[in-house]
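First the structure, in the form of structure tokens, and then the observations on it.
Readers should treat all values here as calculations from the given coordinates under stated rules, not as data from a laboratory. It should be emphasised that the depicted structure is a prediction, and the values quoted were computed from it without experimental measurement. Here the Cβ positions follow ideal geometry from the backbone for every residue, glycine too, while neighbour counts run over all protein chains shown.
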Amino acid sequence: MKIMKKAVFLACLCCTLFSCSNVEKKAGEKLRAAREAFQRGDYSEAKIQIDSIKILYPKAFETRREGIGLMQQVELKEQEKTLVYLDSMLQDKQKEVDALKKNYTFEKDAEYQRTGNYLHPSQVIEKNLHRSYLRFQVDETGVMSMTSIYCGPHNIHHLAVKVTAPDGSFAETPASKDSYETTDLGEKIEKADYKLGEDGNVIAFLNLNKDKNIRVNYLGERSYTTVMTPNDRKAVAAVYELAQLLSSITEIKREMEEANLKIEFVKRKIQERASKDIK
């Protein structure tokens, strides 16, 4: 009886060892496929193969440990590749902006402003005194805004504007979060600011209809209506174009910063792993 129990035990032990060996062998095939994909630069396939080891062979501990190390190398190469691509994009966008800058007026008060603004030359303040109009600008990070300016003998206390195209289509801003009123030599001056994205789609509407006559209604306690001049319509289109480029540059820089942070994180993990292996 004891001999039989011993035989059964040995048989079970052999089966277990064979099973473990078989599992590690199959897991090793997946790891080999992952390494081959990594070598040829197919990082997505490498990650799929590494992930499959954990799913299909959870007890292949040694192979899974090696897979973790390979996954870190894959992630490092992915981020480095992304960084090269983003840097190339950044250079291309910057060239476009540099070519356009000469067409704009740049304003920045070094004492009070950390970020300057670009606007169309036709809309500089000194050329538009005593005039009611929509003024457009974009800061250096690509944040575009519109200011509704009213000048007249009486206050209308406006906080919003409605713009209407000849076909009756229109867009309307919500109430401005940043507005003020003043008086200069008896003239009432009101200004209300609206940022792109918080403007009720007015800026995009004006850009889309830049070749059409646009009626502007100031919405306040009193009604006031004016018509955009050709130069004002040209200004919104020009500033909108620059805003798209500047905002894309800001986004690329943000993505590059994220990629660099991920690279630092992965490198730190690789170093920690190497230190443990030495010990």
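Pick out which of 161, 202, 227 has the largest mean-square fluctuation in a Gaussian network model of the chain, springs linking Cα atoms closer than 10 Å.
Comparing 161, 202, 227 in the GNM, the peak value goes to 227.
Points 7 angstrom from Cα along the Cβ direction at residue 25 and residue 255: gap in nanometres?
4.6
Tell me which trypsin sites (Lys or Arg not before Pro) from the stretch 222-275 have a DSSP coil assignment and no more than 13 other beta carbons within 10 Å of their own. Display every interim value, and only then the final one.
Details: sites: 222, 233, 234, 253, 254, 262, 267, 268, 269, 273; in loops: 222.
Qualifying residues, ordered by number: 222.
Within the stretch 127-171, name every residue whose backbone N is under 13 Å away from a label modeled 7 Å from Cα of residue 184 along the Cβ vector.
Under 13 Å, as judged by backbone N against the label point of residue 184, lie 127-133, 149-152 of the stretch 127-171.
Fewest to most neighbouring Cβ within 10 Å: what's the order for 65, 215?
Placing the least packed residue first, the sequence is 65, 215.
In a Gaussian network model over the chain where Cα atoms closer than 10 Å are linked, find which of 117, 207, 128 has the largest mean-square fluctuation.
128
Just from its helices, what would the mean residue ellipticity at 222 nm be for the chain, if runs of 4 or more DSSP H residues each count -39500 (n - 2.57) and the sum is divided by every residue, rounded to the nearest 500 deg cm²/dmol?
-19500 deg cm²/dmol
Per 5 Å bin, what is the whole-percent P(r) computed from every C-alpha pair distance within the chain?
Per 5 Å bin, starting at zero, the Cα-Cα P(r) for the chain comes out as 1, 5, 9, 10, 11, 9, 7, 6, 5, 6, 6, 6, 5, 4, 3, 2, 2, 1, 1, 1, 1, 0, 0, 0 percent.
Cα to Cα, under 29 Å, and not fewer than 8 places away if on the same chain: which lysines meet these conditions relative to residue 108?
Within the straight-line cut-off, residue 108 pairs with 93, 95, 127, 177, 188, 191, 195, 210, 234, 253.
Across all directions of projection, what mean area in square nanometres is found for the Cα convex hull of the stretch 105-247?
Projected area, direction-averaged: 8.4 nm².
Count neighbours as other Cβ atoms within 10 Å of each site's Cβ, and list the trypsin sites (Lys or Arg not before Pro) in the stretch 101-177 that are DSSP loop with at most 12 such neighbours.
Here the trypsin sites (Lys or Arg not before Pro) that fit, given the DSSP loop and packing criteria, are 102, 114, 177.
Hey, got the dipole for the stretch 113-234? About the Cα centre, +1 on K and R Cβ, -1 on D and E Cβ, debye to the nearest 20?
Numbers: 15 positive and 16 negative charges, 60 e Å.
Dipole of the stretch 113-234, to the nearest 20 debye: 280 debye.
Mind sorting 169, 148, 179 by how few other Cβ atoms lie within 10 Å of their own Cβ, fewest first?
Least crowded to most crowded, the residues run 169, 179, 148.
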